[in-house]
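All remarks here apply to the structure that follows.
The values are calculated or read from the model by the stated rules, or taken from the named source; none is laboratory data. Because the structure is a prediction, the values reported are computed rather than measured. When we count neighbours, we look across all protein chains shown, and the Cβ atoms used for this are built from the backbone with ideal geometry, even at glycine. Remember, those area values only see protein heavy atoms, side chains included, never the ligands or the DNA or RNA. Shrake-Rupley method; radii C 1.70, N 1.55, O 1.52, S 1.80 Å.
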Amino acid sequence: MQRRRLSRLARMAFAVGWPLAEGLQDVPLVFVSRHGETPRTFEILSDLANEQPLSPTQFSLSVHNAVIGLWSIMRGETSEMTALAAAGDGFEQGVLEAACLLGEGAPAVLLIVTEEQPPAAYGPRIDDVPFAYALGLLLTPGDEWQLHLGDNAGAVPSSEPHALSWLRCLLKGDSTCTHTWKSRTWNWQRKP
Amino acid sequence: MSDPQNTLNHDIKLLIIDALGLEDISAQDIGDEQTLFGEGLGLDSVDALELGLAIQKKYGIKIDADAKDTRNHFTSVASLAAFVTAKQAA
(Lines give C-alpha, C1' and ligand atoms only; values in the text may rest on other atoms or scores of the structure.)
Protein backbone atom coordinates (compact mmCIF):
# COMPACT_ATOMS: atom_id res chain seq x y z
CA MET A 1 0.00 0.00 0.00
CA GLN A 2 2.98 2.34 0.37
CA ARG A 3 4.22 1.84 -3.18
CA ARG A 4 1.58 4.23 -4.54
CA ARG A 5 3.26 7.03 -2.56
CA LEU A 6 6.55 6.63 -4.38
CA SER A 7 7.30 9.40 -6.85
CA ARG A 8 9.26 8.69 -9.99
CA LEU A 9 12.44 9.72 -8.20
CA ALA A 10 11.66 7.37 -5.31
CA ARG A 11 10.85 4.57 -7.75
CA MET A 12 14.19 5.08 -9.49
CA ALA A 13 15.99 5.02 -6.14
CA PHE A 14 14.14 1.85 -5.09
CA ALA A 15 14.72 0.25 -8.50
CA VAL A 16 18.50 0.54 -8.19
CA GLY A 17 18.71 -0.03 -4.44
CA TRP A 18 16.26 -2.88 -3.89
CA PRO A 19 18.15 -5.61 -5.82
CA LEU A 20 21.42 -4.64 -4.08
CA ALA A 21 19.84 -4.88 -0.63
CA GLU A 22 17.99 -8.10 -1.40
CA GLY A 23 18.76 -10.77 1.17
CA LEU A 24 20.82 -8.39 3.31
CA GLN A 25 19.85 -7.01 6.69
CA ASP A 26 20.99 -3.96 8.61
CA VAL A 27 22.41 -2.10 5.63
CA PRO A 28 22.91 1.61 6.29
CA LEU A 29 21.76 3.83 3.44
CA VAL A 30 23.23 7.06 2.12
CA PHE A 31 20.76 8.78 -0.16
CA VAL A 32 22.08 11.63 -2.29
CA SER A 33 20.07 14.02 -4.39
CA ARG A 34 21.02 17.62 -5.03
CA HIS A 35 17.62 18.82 -6.15
CA GLY A 36 15.30 16.23 -4.65
CA GLU A 37 11.69 15.89 -5.68
CA THR A 38 11.34 19.04 -7.73
CA PRO A 39 8.05 17.95 -9.39
CA ARG A 40 6.45 17.50 -5.96
CA THR A 41 7.84 20.79 -4.67
CA PHE A 42 6.55 22.53 -7.76
CA GLU A 43 3.05 21.10 -7.31
CA ILE A 44 2.91 22.19 -3.69
CA LEU A 45 4.15 25.69 -4.52
CA SER A 46 1.64 25.90 -7.39
CA ASP A 47 -1.21 25.04 -5.01
CA LEU A 48 0.05 27.68 -2.59
CA ALA A 49 0.30 30.29 -5.36
CA ASN A 50 -3.24 29.47 -6.48
CA GLU A 51 -4.47 29.62 -2.88
CA GLN A 52 -5.52 25.99 -3.03
CA PRO A 53 -5.35 23.71 -0.01
CA LEU A 54 -2.17 21.64 0.04
CA SER A 55 -2.33 17.92 -0.54
CA PRO A 56 -1.53 16.22 2.79
CA THR A 57 0.12 13.36 0.94
CA GLN A 58 2.35 15.67 -1.08
CA PHE A 59 3.17 17.67 2.03
CA SER A 60 4.02 14.62 4.12
CA LEU A 61 6.46 13.45 1.43
CA SER A 62 7.99 16.82 0.65
CA VAL A 63 10.99 16.63 2.95
CA HIS A 64 14.33 15.48 1.60
CA ASN A 65 14.46 12.37 3.75
CA ALA A 66 10.97 11.14 2.78
CA VAL A 67 12.49 8.59 0.39
CA ILE A 68 14.65 7.00 3.08
CA GLY A 69 11.65 7.07 5.42
CA LEU A 70 9.65 5.04 2.90
CA TRP A 71 12.66 2.77 2.36
CA SER A 72 12.78 2.13 6.09
CA ILE A 73 9.04 1.39 6.30
CA MET A 74 8.87 -0.83 3.24
CA ARG A 75 11.98 -2.83 4.02
CA GLY A 76 11.58 -2.90 7.80
CA GLU A 77 15.09 -1.47 7.86
CA THR A 78 16.16 0.38 11.01
CA SER A 79 19.84 0.96 10.25
CA GLU A 80 21.33 4.39 10.08
CA MET A 81 20.20 6.32 7.03
CA THR A 82 21.05 9.73 5.82
CA ALA A 83 19.78 12.00 3.06
CA LEU A 84 22.27 14.45 1.58
CA ALA A 85 21.77 17.40 -0.71
CA ALA A 86 25.29 18.45 -1.57
CA ALA A 87 26.30 20.61 -4.50
CA GLY A 88 27.56 19.29 -7.81
CA ASP A 89 29.85 16.80 -6.10
CA GLY A 90 27.14 15.10 -4.05
CA PHE A 91 28.30 11.75 -5.42
CA GLU A 92 31.73 12.11 -3.80
CA GLN A 93 30.24 13.58 -0.61
CA GLY A 94 27.96 10.54 -0.44
CA VAL A 95 30.86 8.14 -0.98
CA LEU A 96 32.74 9.91 1.82
CA GLU A 97 29.73 9.55 4.12
CA ALA A 98 29.45 5.86 3.21
CA ALA A 99 33.19 5.35 3.78
CA CYS A 100 32.80 6.86 7.26
CA LEU A 101 30.03 4.37 8.03
CA LEU A 102 32.27 1.53 6.78
CA GLY A 103 35.05 2.93 8.96
CA GLU A 104 32.69 2.72 11.92
CA GLY A 105 32.27 -0.96 11.27
CA ALA A 106 29.31 -1.35 8.93
CA PRO A 107 29.97 -4.44 6.76
CA ALA A 108 28.27 -2.80 3.78
CA VAL A 109 26.66 0.54 2.98
CA LEU A 110 24.15 1.22 0.25
CA LEU A 111 24.69 4.44 -1.66
CA ILE A 112 21.95 5.79 -3.91
CA VAL A 113 22.47 8.89 -6.04
CA THR A 114 19.47 10.11 -7.97
CA GLU A 115 18.13 13.17 -9.73
CA GLU A 116 14.75 13.85 -11.26
CA GLN A 117 14.17 15.89 -14.37
CA PRO A 118 12.99 19.21 -12.94
CA PRO A 119 9.77 20.92 -14.11
CA ALA A 120 10.30 23.45 -16.91
CA ALA A 121 9.97 26.39 -14.52
CA TYR A 122 13.25 25.40 -12.86
CA GLY A 123 14.97 24.99 -16.23
CA PRO A 124 17.10 28.13 -16.20
CA ARG A 125 18.35 27.41 -12.68
CA ILE A 126 19.09 23.70 -12.85
CA ASP A 127 21.63 22.82 -15.50
CA ASP A 128 23.19 19.67 -14.10
CA VAL A 129 20.39 17.16 -14.72
CA PRO A 130 20.58 16.18 -18.41
CA PHE A 131 18.00 13.45 -17.76
CA ALA A 132 16.52 11.63 -14.80
CA TYR A 133 18.90 9.02 -13.44
CA ALA A 134 19.73 6.88 -10.44
CA LEU A 135 22.87 5.02 -9.46
CA GLY A 136 22.98 2.44 -6.70
CA LEU A 137 26.22 1.08 -5.24
CA LEU A 138 26.71 -1.43 -2.49
CA LEU A 139 30.00 -0.38 -0.91
CA THR A 140 32.09 -2.77 1.17
CA PRO A 141 35.47 -2.23 2.86
CA GLY A 142 38.43 -2.72 0.58
CA ASP A 143 41.17 -0.94 -1.34
CA GLU A 144 39.99 -1.41 -4.89
CA TRP A 145 39.32 2.31 -5.21
CA GLN A 146 40.90 5.36 -3.62
CA LEU A 147 39.30 8.77 -3.48
CA HIS A 148 41.42 11.82 -2.81
CA LEU A 149 40.25 15.41 -2.46
CA GLY A 150 42.53 18.12 -3.77
CA ASP A 151 42.33 21.79 -4.60
CA ASN A 152 41.09 22.75 -8.01
CA ALA A 153 44.17 23.81 -9.93
CA GLY A 154 42.30 25.29 -12.85
CA ALA A 155 40.56 22.11 -13.98
CA VAL A 156 37.43 22.34 -16.08
CA PRO A 157 34.28 21.21 -14.25
CA SER A 158 32.92 17.87 -15.42
CA SER A 159 30.23 18.21 -18.03
CA GLU A 160 28.16 15.27 -16.85
CA PRO A 161 26.94 14.33 -13.37
CA HIS A 162 29.79 12.85 -11.37
CA ALA A 163 27.91 9.65 -10.60
CA LEU A 164 27.41 8.95 -14.31
CA SER A 165 30.93 10.00 -15.24
CA TRP A 166 32.31 7.66 -12.60
CA LEU A 167 30.09 4.84 -13.86
CA ARG A 168 31.49 5.41 -17.33
CA CYS A 169 35.06 5.12 -15.92
CA LEU A 170 34.10 1.92 -14.14
CA LEU A 171 32.61 0.33 -17.21
CA LYS A 172 35.46 1.42 -19.48
CA GLY A 173 38.01 0.04 -17.03
CA ASP A 174 39.75 3.39 -16.59
CA SER A 175 42.27 3.47 -13.77
CA THR A 176 41.65 7.12 -12.86
CA CYS A 177 38.77 9.51 -12.93
CA THR A 178 38.79 13.20 -12.02
CA HIS A 179 35.83 15.39 -11.08
CA THR A 180 36.01 19.07 -10.37
CA TRP A 181 33.40 21.14 -8.67
CA LYS A 182 34.17 24.75 -7.74
CA SER A 183 37.28 24.74 -5.55
CA ARG A 184 37.37 20.97 -5.17
CA THR A 185 38.92 18.35 -7.39
CA TRP A 186 38.17 14.74 -6.57
CA ASN A 187 40.67 12.18 -7.80
CA TRP A 188 39.53 8.63 -8.18
CA GLN A 189 42.14 5.92 -8.52
CA ARG A 190 41.57 2.27 -9.14
CA LYS A 191 44.06 -0.25 -7.82
CA PRO A 192 45.95 -1.68 -10.79
CA MET B 1 -26.23 2.09 -11.71
CA SER B 2 -29.21 4.31 -12.58
CA ASP B 3 -30.20 4.72 -8.94
CA PRO B 4 -28.64 7.94 -7.57
CA GLN B 5 -27.43 6.22 -4.41
CA ASN B 6 -25.46 3.67 -6.42
CA THR B 7 -24.10 6.38 -8.68
CA LEU B 8 -22.88 8.38 -5.70
CA ASN B 9 -21.28 5.29 -4.15
CA HIS B 10 -19.55 4.55 -7.43
CA ASP B 11 -18.32 8.15 -7.78
CA ILE B 12 -16.91 8.10 -4.26
CA LYS B 13 -15.06 4.87 -5.00
CA LEU B 14 -13.51 6.44 -8.08
CA LEU B 15 -12.60 9.50 -6.01
CA ILE B 16 -10.89 7.31 -3.39
CA ILE B 17 -8.89 5.46 -6.05
CA ASP B 18 -7.91 8.64 -7.85
CA ALA B 19 -7.17 10.91 -4.88
CA LEU B 20 -5.17 8.28 -3.02
CA GLY B 21 -3.40 6.85 -6.06
CA LEU B 22 -4.56 3.30 -5.33
CA GLU B 23 -2.86 0.87 -7.69
CA ASP B 24 -4.28 -2.32 -9.16
CA ILE B 25 -7.72 -1.69 -7.71
CA SER B 26 -11.01 -0.77 -9.38
CA ALA B 27 -14.35 0.51 -8.07
CA GLN B 28 -15.71 -3.05 -8.19
CA ASP B 29 -13.08 -4.10 -5.65
CA ILE B 30 -14.38 -1.74 -2.98
CA GLY B 31 -17.53 -2.81 -1.13
CA ASP B 32 -20.12 -0.20 -0.14
CA GLU B 33 -19.88 -1.24 3.49
CA GLN B 34 -16.20 -2.20 3.51
CA THR B 35 -14.13 -0.58 6.24
CA LEU B 36 -11.82 1.96 4.62
CA PHE B 37 -9.26 2.64 7.34
CA GLY B 38 -6.96 0.30 9.17
CA GLU B 39 -8.61 -3.04 8.46
CA GLY B 40 -10.50 -3.55 5.21
CA LEU B 41 -9.13 -1.35 2.47
CA GLY B 42 -6.13 -0.47 4.68
CA LEU B 43 -6.02 3.29 4.36
CA ASP B 44 -4.08 5.37 6.89
CA SER B 45 -4.26 8.78 8.54
CA VAL B 46 -2.60 10.65 5.65
CA ASP B 47 -5.21 9.09 3.36
CA ALA B 48 -7.95 10.35 5.69
CA LEU B 49 -6.72 13.92 5.29
CA GLU B 50 -6.27 13.54 1.54
CA LEU B 51 -9.71 11.98 1.10
CA GLY B 52 -11.30 14.68 3.26
CA LEU B 53 -9.75 17.31 1.02
CA ALA B 54 -10.89 15.53 -2.17
CA ILE B 55 -14.48 15.22 -0.87
CA GLN B 56 -14.57 18.88 0.10
CA LYS B 57 -13.28 19.92 -3.33
CA LYS B 58 -15.52 17.64 -5.38
CA TYR B 59 -18.76 18.15 -3.47
CA GLY B 60 -18.20 21.70 -2.27
CA ILE B 61 -18.88 20.81 1.32
CA LYS B 62 -17.06 21.65 4.50
CA ILE B 63 -15.76 18.96 6.82
CA ASP B 64 -14.96 19.81 10.40
CA ALA B 65 -11.89 17.72 11.21
CA ASP B 66 -12.50 18.11 14.95
CA ALA B 67 -16.18 17.20 14.98
CA LYS B 68 -16.85 14.02 16.92
CA ASP B 69 -18.86 12.29 14.21
CA THR B 70 -16.42 13.04 11.36
CA ARG B 71 -14.63 9.78 12.07
CA ASN B 72 -17.87 7.84 11.66
CA HIS B 73 -18.61 9.45 8.30
CA PHE B 74 -15.33 8.05 6.98
CA THR B 75 -16.09 4.46 7.98
CA SER B 76 -17.15 3.23 4.56
CA VAL B 77 -18.22 4.34 1.10
CA ALA B 78 -21.88 4.06 2.18
CA SER B 79 -21.38 6.28 5.23
CA LEU B 80 -19.45 8.84 3.14
CA ALA B 81 -22.26 8.87 0.56
CA ALA B 82 -24.83 9.42 3.30
CA PHE B 83 -22.73 12.24 4.72
CA VAL B 84 -22.31 13.93 1.32
CA THR B 85 -26.05 13.61 0.62
CA ALA B 86 -26.95 15.10 4.02
CA LYS B 87 -24.45 17.96 3.66
CA GLN B 88 -25.61 18.82 0.16
CA ALA B 89 -29.25 18.85 1.25
CA ALA B 90 -28.44 21.13 4.18
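If I fit a long axis through the Cα atoms of helix A:38-49 and take the longest principal axis of the Cα atoms of chain A, what angle between them do I get, 0 to 90°, rounded to 10?
Tilt of helix A:38-49: around 30 degrees.
Mind checking which lysines have their Cα closer than 24 Å to the Cα of B:Lys58? Skip sequence neighbours fewer than 8 apart in that chain.
Answer for B:Lys58, where 24 Å is the Cα cut-off: B:Lys13, B:Lys68, B:Lys87, listed by chain and number.
Loop-only GluC sites (Glu not before Pro) in segment A:21-65, please: DSSP not H, G, I, E or B, and at most 14 other Cβ atoms within 10 Å. If you can, show how the numbers build up before the last one.
Numbers: sites: A:Glu22, A:Glu37, A:Glu43, A:Glu51; in loops: A:Glu22, A:Glu37, A:Glu51.
Those that pass, being in a loop and sparsely packed, are A:Glu22, A:Glu51.
Using a/c under 1.5 as the rounded threshold, could you call chain A rounded, prolate or oblate? The axes a ≥ b ≥ c are square roots of the C-alpha gyration tensor eigenvalues, and prolate needs a/b larger than b/c, oblate otherwise. The partial results should precede the final answer.
On the way: a/c = 2.31, a/b = 1.31, b/c = 1.77.
The shape class here is oblate.
With a cap of 13 neighbouring Cβ atoms within 10 Å, and only residues DSSP puts in a loop, list the trypsin sites (Lys or Arg not before Pro) found in segment A:121-184.
Details: sites: A:Arg125, A:Arg168, A:Lys172, A:Lys182, A:Arg184; in loops: A:Lys182.
Sparse-neighbourhood loop trypsin sites (Lys or Arg not before Pro): A:Lys182.
How would B:Asp3, A:Asp143 rank on accessible area, largest to smallest, probe 1.4 Å?
Numbers: B:Asp3 70, A:Asp143 95 Å².
Sorted by accessible area, descending: A:Asp143, B:Asp3.
Among the lysines, which have Cα under 21 Å from the Cα of A:Lys172 when same-chain residues fewer than 8 positions away are ignored?
A:Lys172 reaches A:Lys191.
Hey, in chain A, which Cys have no second cysteine's beta-carbon closer than 4.7 Å?
Unpaired cysteines in chain A: A:Cys100.
Could you state the angle between the C-alpha long axis of helix A:90-103 and the longest principal axis of the C-alpha atoms of chain A, as a value from 0 to 90 degrees rounded to the nearest 10?
The answer is roughly 70 degrees.
If I fit a long axis through the Cα atoms of helix A:162-172 and take the longest principal axis of the Cα atoms of chain A, what angle between them do I get, 0 to 90°, rounded to 10?
Once rounded, the angle reads 50 degrees.
Can you pull the accessible area of A:His148 for me, 1.4 Å probe, Å² to the nearest 10?
Result for A:His148: roughly 110 Å² accessible.
Points 7 angstrom from Cα along the Cβ direction at A:Gln25 and A:Asn187: gap in nanometres?
Taking the two extended label points, one gets 4.3 nm.
Magnitude of the Cβ-charge dipole of chain B, K/R +1 and D/E -1, about the Cα centre, nearest 20 debye? Could the numbers behind the result be given before it?
Numbers: 7 positive and 15 negative charges, 98 e Å.
In total the dipole reaches around 460 debye.
Could you check how much of the accessible area of the protein assembly as shown is carbon and sulfur, as a whole percent, using a 1.4 Å probe? Please list the in-between numbers first.
Numbers: 8070 of 15190 Å².
The computed percentage sits at 53.
Using alpha-carbon pairs under 8 Å, 6+ residues apart, how would you state the relative contact order of segment A:3-143 in percent?
Working: 209 pairs, mean separation 52.7, N = 141.
Contact order relative to length: 37 percent.
For the pair B:Asp18 and A:Ala155, how long in nm is the line joining their label points, each one 7 Å along Cα→Cβ?
Distance between the two pseudo-spin positions: 5.3 nm.
Just in segment A:44-150: which chymotrypsin sites (Phe, Trp or Tyr not before Pro) are loop by DSSP and have at most 10 other Cβ atoms within 10 Å?
Details: sites: A:Phe59, A:Trp71, A:Phe91, A:Tyr122, A:Phe131, A:Tyr133, A:Trp145; in loops: A:Phe131.
Within segment A:44-150, the qualifying chymotrypsin sites (Phe, Trp or Tyr not before Pro) (loop, at most 10 other Cβ atoms within 10 Å) are A:Phe131.
Between A:Glu144 and A:Ser46, what is 0.36 nm times their sequence separation minus the Cα-Cα distance? Round to one decimal in nm.
Values: separation 98, 0.36 × 98 = 35.28 nm, distance 4.71 nm.
Using 0.36 nm per residue and subtracting the Cα-Cα distance, I get 30.6 nm.
With only Lys, Arg, Asp and Glu charged, each at its Cβ (+1 for the first two, -1 for the last two), find how big the charge dipole of chain A is about the Cα centre; round to the nearest 20 debye. Please list the in-between numbers first.
On the way: 15 positive and 21 negative charges, 77 e Å.
That gives chain A a dipole magnitude of about 380 debye.
Mind giving me the nanometre distance, one decimal, between the label points for A:Glu104 and B:Ala86, set 7 Å out from Cα along Cα→Cβ?
Going by the 7 Å Cα→Cβ label model, 5.3 nm.
Span-like helices, chain B: DSSP H, alpha-carbon axial extent 24 Å or more, mean Kyte-Doolittle -1.0 or greater, which ones?
On the way: long enough: none.
Membrane-span-like by this criterion, though nothing is claimed about a membrane: none.
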